[in-house]
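Since the structure comes first, as structure tokens, the remarks are kept for the end.
The values are calculated or read from the model by the stated rules, or taken from the named source; none is laboratory data. Note that the structure is predicted; figures quoted are calculated from it, not measured. In this analysis, Cβ positions are derived from the backbone assuming ideal geometry, glycine residues included, and neighbour counts consider all displayed protein chains.
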């Protein structure tokens, strides 16, 4: 164990430095004999070769070709899935499509919302940057908008390992004019300066570092600027990616340097910076955009709100989920009083629920040898809970076993023995039931008694 976990009395002990996680995962792949290929991107538009309802080969942009009997699209974007010609969607369903009370455009929600009235137009009546001109739509209505992306920044307050916040390639301080107005109003209304964790979640990890995420009404989420990403061309996605880099870098650079930022807040922000020993090949900046949601498969079965709240058990269970329904904001708009509001946030608890094998399967008539364990078949509401990396890993585990069974049995993925799939998964420690035990309850009580109160900056949200 590289870390003495006794030093950590909060759940953050479960989280690790990226360089450590990467090293361990590479070791695991090597141990399992997996050949890992970097810089192999599916050829755009013509990267999937099919015969009937089967994929037979995929072609990379660099000319590499890979044939196989079973394929799995484990990407955030689902390009193989889309090129295979199966049904998919993106955005939000309306309330009526699957009978979901949480679906569609949402009325004003309390989380990550402006705490005070902030006008959305300048003195000349022009819309401030980073606000959508509308139309907003009516509550419960469907749309093709997606929840905001950001970069999860790893920062350090250890001076010897700290780099200053970088100025982005394209920096315009007025892009953050709304943030400046909000900070000014915050001071007036609260009678104090804001602190850093009120603008960005700060979750401590080993090595004197922290994982920074979105928090509050104007933070690292680049709201409303990713709508073209799910079904966009590679070129358009690359543009959106770069725009997100500029925006998030600019957010921290603004807080660290702009004279409109209260001094105590600015001093605190400048105690942090990018660590010298992380992400060495991408300028110490995370190499992955946080694509919270993009395309979603539409299979014969589509998980929806009821599968998180009432219909919790499944005959073809392959694992479990338990994270709350969590969608980040989707629009930043002006209300009928001319004040700024964010729209789309959803924070609704769920009970532990079973994940069915079916969510990974395209419609039988469309494709019989393709598994989708990331852009799986779910409504926006259901995806908002299932979209966590542990669930991706759970479904990825099941996808690997299902692929081997389909090859062994010589059957379409829809026809494999689900019982055998479940037996193998259980033998490999997959969890199908949530069972409270006295030991677990006792551990939780002891943990709570021994741990000091967790400050707000330790809250976790994805």
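Miscellaneous remarks
- Filtered residues of the stretch 248-281 (kept if outside any helix (DSSP H, G or I) and touching a strand residue (DSSP E or B) at 6+ places or on another chain (Cβ under 8 Å)): 272, 273, 274, 275, 276, 278, 279
- Within the span defined as the stretch 442-450, every residue fails to be within 19 Å of residue 14 (Cβ to Cβ) and at pLDDT 95 or above.
- Output for the stretch 405-417, where each listed residue is surrounded by fewer than 21 Cβ atoms within 10 Å (Cβ to Cβ) and within 29 Å of the chain's Cα centre (by Cα): 414
Conditions (1) surrounded by fewer than 20 Cβ atoms within 10 Å (Cβ to Cβ); (2) within 21 Å of residue 99 (Cα to Cα); (3) out of contact with any strand residue (DSSP E or B) (no Cβ under 6 Å at 6 or more places or on another chain), marked per residue:
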position: 336; (1), (2), (3): yes, no, yes
position: 346; (1), (2), (3): no, yes, no
position: 366; (1), (2), (3): yes, no, yes
position: 374; (1), (2), (3): no, no, yes
position: 378; (1), (2), (3): no, yes, no
position: 396; (1), (2), (3): yes, no, yes
position: 402; (1), (2), (3): no, no, yes
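- Residue check, residue 215 touching a strand residue (DSSP E or B) at 6+ places or on another chain (Cβ under 9 Å), within 23 Å of residue 239 (Cα to Cα) and either touching a residue at least 12 places away in the same chain (Cβ under 8 Å) or surrounded by fewer than 20 Cβ atoms within 10 Å (Cβ to Cβ) (or both): no
- Which listed residue, of 257, 270, is closer than 17 Å to residue 169 by Cβ, over 23 Å from the mean Cα position of the chain (by Cα) and surrounded by fewer than 18 Cβ atoms within 10 Å (Cβ to Cβ): 257
- Filtering the stretch 282-315 to residues that are farther than 30 Å from residue 420 by Cβ, touching a strand residue (DSSP E or B) at 6+ places or on another chain (Cβ under 7 Å) and not in a loop (DSSP other than H, G, I, E, B) leaves only 290.
Rundown of residues vs (1) within 27 Å of the chain's Cα centre (by Cα); (2) closer than 18 Å to residue 345 by Cβ; (3) without any contact (Cβ under 8 Å) to a residue 12 or more places away in the chain, yes/no style:
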site	(1), (2), (3)
126	no, no, yes
131	yes, yes, no
147	yes, yes, no
157	yes, no, no
170	yes, no, no
176	yes, no, no
181	no, no, no
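- Cβ separations smaller than 9 Å between residues 6+ apart or across chains give the following pairs from the stretch 233-247 residues that are touching a residue at least 24 places away in the same chain (Cβ under 8 Å) to residues that are surrounded by 18 or more Cβ atoms within 10 Å (Cβ to Cβ) and in a helix (DSSP H, G or I): 234/79; 246/175; 247/175.
- Candidates 101, 132 - the one that is at negative phi and surrounded by fewer than 15 Cβ atoms within 10 Å (Cβ to Cβ): 101
- Inter-residue pairs, beta-carbon under 7 Å, first in contact (Cβ under 8 Å) with a residue 40 or more places away in the chain and at positive phi and in the stretch 184-198, second surrounded by 14 or more Cβ atoms within 10 Å (Cβ to Cβ) and in a helix (DSSP H, G or I), 6+ apart: none
- The criterion of at least 2 residues that are at pLDDT below 95 is met, among strands (runs of 3 or more DSSP E) falling completely within the stretch 114-220, by 200-205.
- Filter pass, residue 424 being under 30 Å from residue 109 (Cβ atoms) and modelled with pLDDT of 95 or more: no
- Candidates in the stretch 34-69 are the residues that are in contact (Cβ under 8 Å) with a residue 60 or more places away in the chain and touching a strand residue (DSSP E or B) at 6+ places or on another chain (Cβ under 7 Å); of these, the one that is surrounded by the most Cβ atoms within 10 Å (Cβ to Cβ) is 55.
- Among the candidates 454, 430, the residue that is part of a loop (DSSP other than H, G, I, E, B), at pLDDT below 55 and surrounded by 10 or more Cβ atoms within 10 Å (Cβ to Cβ) is uniquely 454.
- Taking the listed residues 85, 104, the one that is outside any helix (DSSP H, G or I), touching a helix residue (DSSP H, G or I) at 6+ places or on another chain (Cβ under 9 Å) and modelled with pLDDT of 95 or more is 104, with no other qualifying.
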